[in-house]
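The structure under discussion appears below in the form of structure tokens.
The values are calculated or read from the model by the stated rules, or taken from the named source; none is laboratory data. Keep in mind it's a predicted model, so treat the numbers as computed, not measured. Neighbour counts run over all protein chains shown; Cβ positions are idealised from the backbone, glycine included.
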Amino acid sequence: MSPRVRPLRATAPFAVFALLILGGCTSIGDFGRLQQPLVNDDIHAWVGQEAAVHAGGPVSVNNLTDDERTLRDLAFALIEAPYDRQRWDAVVLEYGQNRVFRHSLWAFDPAAYYAHLIGPFHRSSSARYNQLIDDMRNDIVRIDPFFGTARRVVDIDQRREKSMQFISTLSPPERISAMARVGENSLTIAWVHHSLTERCASYRYALEHLTVAEPMPVAAEAERILTELQQLIAGNQIVPLPRFAALAVPAVVAAK
């Protein structure tokens with residue numbers, strides 16, 4: 001008997017949009033974060049559920065631990081496109097309520113980032129290079145906190161799996177829900193690694209095309225930062241299958 005999949009709750013009701021109107025039609029506060037009244041503890045709980053459902057795995061009905069919640073919070077910023085952070089409806093995306101947005105998270109177009117970069121929001125070559133460099137640096141800053149949390153979650157999940165062997169009173173639904181959570185966690189980690197790999201491909205595409213269309217000395221600095229980002233990603237491969245699309249079942253996570 002499998003545990004019933006908990007439906008995703010509509011946690012962005014009309015009141016949220018009223019707050020957006022009163023707050024000047026934006027959900028973004030300082031440093032690109034959502035304004036505090038729009039946030040609750042499980043704002044990104046859907047990230048792990050989405051990772052499991054996309055891979056054809058079950059969804060756990062257990063509550064999230066503090067580290068599991070943090071893992072999903074940190075994962076979202078590394079999964080969404082860099083240019084989506086300043087959208088007026090960012091709160092809808094944060095809560096995973098926009099189905100089109102959720103579908104787009106799985107669609108990869110290496111030219112999309114470059115198309116945004118040369119759009120009307122960046123009026124000079126310097127602005128385009130600076131935006132590219134800022135986005136790559138933001139990813140670099142976010143990598144250590146995410147994968148530090150990921151390693152703690154991996155360690156606890158390995159202990160959880162071992163302890164389950166010695167608990168005879170666990171019911172089948174409890175056992176299945178616990179294993180489903182292990183799958184959610186590992187698939188979330190795999191999703192972030194996969195997303196970062198795709199991001200680097202987008203940054204590479206943008207840098208190469210900028211170098212040809214609008215060559216500037218700062219391109220060398222952008223190349224250095226991109227190389228640093230790629231090295232960080234390679235050093236944080238803590239799931240055995242780096243291609244998320246290849247995962248048909250919850251990944252077996254290996255600690256570093």
Go through the residues of region 153-160 one by one and say whether even a single one is farther than 20 Å from Gln230 by Cα, at pLDDT 95 or above and touching an Asp or Glu at 6+ places or on another chain (Cβ under 8 Å). yes
Residue identified as buried (at least 16 other Cβ atoms within 10 Å of the Cβ) and either of a type in the set (A, V, I, L, M) or on the phi < 0 side of the Ramachandran plot (or both) among Arg181, Arg224, Arg175: Arg181
Within region 104-135, track down each residue that is outside any loop (DSSP other than H, G, I, E, B), of a type in the set (D, E, K, R) and either at pLDDT below 90 or over 20 Å from the mean Cα position of the chain (by Cα) (or both). Arg128
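Is one or more of the residues making up region 187-200 touching a helix residue (DSSP H, G or I) at 6+ places or on another chain (Cβ under 8 Å) and without any contact (Cβ under 8 Å) to a residue 40 or more places away in the chain? Can you show your working first?
The first filter runs over region 187-200 and keeps only residues touching a helix residue (DSSP H, G or I) at 6+ places or on another chain (Cβ under 8 Å), leaving 187-197, 199-200.
Still in the list and also without any contact (Cβ under 8 Å) to a residue 40 or more places away in the chain: 200.
Yes - at least one qualifying residue is present in region 187-200.
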Can you pull out the residues in region 37-63 that are in a loop (DSSP other than H, G, I, E, B) and either modelled with pLDDT of 90 or more or touching a His at 6+ places or on another chain (Cβ under 7 Å) (or both)? Pro58, Val59, Ser60, Val61, Asn62, Asn63
Taking first residues from region 145-160 that are more than 19 Å from Phe76 (Cβ to Cβ) and surrounded by fewer than 21 Cβ atoms within 10 Å (Cβ to Cβ) and second residues anywhere that are acidic (Asp, Glu) and modelled with pLDDT of 95 or more, the pairs with Cβ under 9 Å that are 6 or more apart or on different chains are Ile156/Asp67; Ile156/Glu68
